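A short reminder: the numbers here are calculations on the coordinates, not readings from a lab. Note that the structure is predicted; figures quoted are calculated from it, not measured. Quick reminder, even Gly has a Cβ in these numbers, built from the backbone with ideal geometry, and neighbours come from all protein chains shown.
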Amino acid sequence: REKNWARVHVAVTQKGLERAFLGTSLHEQRKNGIRSTHMRAESLIEDACEQVQKKKHRYAGHVCRQPDDRWSKKILYWDAKNDGHKRPPGRPKMRYVDSFNDEFKEACRRNPRARRIFKSWTDVAQDRKKWKMGLLMAMS
């Protein structure tokens, strides 16, 4: 999938930047048996994929609490297939909000109690304290 492809490329690029920051090469890293986790701890650089995920959740919670007439909320639920534009073959027909729906379903599959408490991730996002605490992240 496109999502996994992007994560892999971001992770590979970040590891290369960490090696450059520490002044070592991939060959030296492998030869000396240095694990990437040790390099991450030594470089003090946070994981880029985790940062993107946190910022994405933070923005979605912010937008979810906005009034319905705001364009940013309309974009969150925008559906390209009903806009007269055709997507290239093989590309998934996903909206931005669909990624949160998928994550919430997966979290509820792991924790059935969460499904009884909340109907959707938008219910969680309406309560800023729970959203900020990362309830959705903690459930997954």
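So if R0 is 25 Å, what FRET efficiency would E106 and V8 give, r being the distance between their Cβ atoms, rounded to the nearest 0.05? About 0.80, to the nearest 0.05.
Exceedance of the 26 Å cut-off in Cα-Cα distance is limited, within the set K55/K129; K31/K56; K31/K55; K15/K73, to K31/K56; K31/K55; K15/K73.
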